[in-house]
Amino acid sequence: MVADTRVWEESAAYYIDTHAATAAFAKNAGLGFAIPYFHNGQPHDYIPDFIVRLKADGAEGPRHLILETKGWDDLEDVKRAAAERWVTAVNADGRYAIARRPEEAKTCLTAATGGKGR
């Protein structure tokens with residue numbers, strides 16, 4: 001994975017890669033995955049940092065977590081609302097999370113699996 005930031009994304013990728021709930025993950029760069037949203041009447045695309053495929057749990061099919069690693073973003077509420085609307089519209093069992101610090105990626109993954117996969 002080529003990271004945009006050494007500390008944030010490289011560290012978060014390590015936590016994602018080593019978490020027991022992770023089946024696979026990709027840095028969302030050049031994949032064409034963007035979540036549309038409006039801000040001040042103008043359309044924008046929100047490009048989350050990671051897409052994580054979670055390990056299947058029993059009879060459930062594959063589940064995914066859209067994971068953003070952000071320290072601070074003025075548009076966080078707008079982007080979060082857009083991501084949550086997108087997840088609800090596309091996949092009733094999808095997940096979206098923001099890790100404020102790279103190590104919070106572990107907490108986000110554990111929460112996305114209902115506390116499993118520590």
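The values are calculated or read from the model by the stated rules, or taken from the named source; none is laboratory data. Please read these numbers as outputs of a predicted model, since none were measured by experiment. Positions of Cβ are generated from backbone atoms using ideal geometry, with glycine treated the same way; all protein chains shown enter the neighbour counts.
Conditions (1) modelled with pLDDT of 85 or more; (2) assigned to a loop (DSSP other than H, G, I, E, B); (3) on the phi > 0 side of the Ramachandran plot, marked per residue:
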| position | (1), (2), (3) |
| --- | --- |
| 2 | no, yes, no |
| 33 | yes, yes, no |
| 61 | no, yes, no |
| 87 | no, no, no |
| 98 | no, no, no |
| 109 | yes, no, no |
| 115 | no, yes, yes |
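Scanning segment 65-84 for residues that are touching a residue at least 40 places away in the same chain (Cβ under 8 Å) and assigned to a strand (DSSP E or B) yields 65, 67, 69. Residue count for segment 22-38 satisfying the condition of being farther than 16 Å from residue 67 by Cα and either of a type in the set (Ser, Thr, Tyr) or surrounded by 13 or more Cβ atoms within 10 Å (Cβ to Cβ) (or both): 1. Summed over segment 4-21, the residues that are surrounded by fewer than 16 Cβ atoms within 10 Å (Cβ to Cβ) and either among the aromatic types (Phe, Trp, Tyr) or assigned to a loop (DSSP other than H, G, I, E, B) (or both) give a count of 6. Would you confirm, using the coordinates I've provided, whether residue 44 is of a type outside the set (A, V, I, L, M, F, W, C), at pLDDT 90 or above and in contact with a Leu (Cβ under 6 Å, 6 or more places away or on another chain)? When the stated conditions are applied, residue 44 does not pass them.
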